[in-house]
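Student: Before we start, here is the structure in question, set down as structure tokens.
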Amino acid sequence: MEKELIIPKRSDTVVNINEISENYEGIIIVHSGQRSKGYIQYVNCLWNYYETIDGEVSSIEASSLIELIHLISDTIDEPSFKVIEFYD
């Protein structure tokens, strides 16, 4: 079967998911509509989704970021993801 190849474009307003690793200097905020629902962070060799700001207990965890995003998409209506980058 032949499939289309998606080539990400470089942009100042978009981050490609492939650029985000466990060492990424930022955080991913999960939204549904206009409301923030939680955030994604890499902790202890797993990608974790937290619904509360305290970050003590994750709601969902996965070994890869893309897997976690798919799991979140299965539980939250029409999620969108925004990245906040941290700078020194």
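Student: If you filter region 1-47 for trypsin sites (Lys or Arg not before Pro), then keep DSSP loop positions with at most 10 other Cβ within 10 Å, what is left? Spell out each step's value before the answer.
Tutor: Working: sites: Lys3, Lys9, Arg10, Arg35, Lys37; in loops: Lys3, Lys9, Arg10.
Passing both the DSSP loop test and the Cβ count: Lys3, Lys9, Arg10.
Student: Which distance in Å, rounded to a whole number, links the C-alpha centroids of region 62-79 and region 36-53?
Tutor: Answer, in whole Å: 11.
Student: Based on other C-beta atoms within 10 Å, arrange Tyr49, Tyr24, Tyr39 from fewest to most.
Tutor: Fewest to most other Cβ atoms nearby, the residues stand as Tyr24, Tyr39, Tyr49.
Student: Please give the contour-minus-distance gain from Ser11 to Val83: 0.36 nm per residue of separation, less the Cα-Cα distance, rounded to one decimal in nm.
Tutor: Gain in length upon complete extension: 24.6 nm.
Student: Treat the count of other C-beta atoms within 10 Å as a stand-in for reagent exposure and order Val30, Val83 from fewest to most.
Tutor: Val83, Val30
Student: How high is the relative contact order of the chain, given as a whole-number percent (alpha carbon pairs under 8 Å, six or more residues apart)? It would help to have the intermediate numbers written out before the result.
Tutor: Working: 110 pairs, mean separation 24.9, N = 88.
That works out to 28 percent.
Student: Hey, what D do you get for the chain in µm²/s if you plug the Kirkwood alpha-carbon radius into Stokes-Einstein at 25 °C and 0.890 mPa s?
Tutor: Details: Rh = 14.1 Å.
So the translational diffusion coefficient is about 174 µm²/s.
Student: If exposed GluC sites (Glu not before Pro) are those in a DSSP loop with at most 11 other Cβ within 10 Å, what is the longest stretch of the chain that has none?
Tutor: By the stated rule (loop sites, at most 11 other Cβ atoms within 10 Å), 57-88.
Student: Could you work out how far helix 65-75 tilts from the main Cα principal axis of the chain, as a 0 to 90 degree angle to the nearest 10?
Tutor: 70 degrees
Read-outs throughout are calculated quantities, based only on the coordinates presented, and are distinct from any laboratory measurement. Note that this is a predicted model, so its numbers are computed, not measured. When we count neighbours, we look across all protein chains shown, and the Cβ atoms used for this are built from the backbone with ideal geometry, even at glycine.
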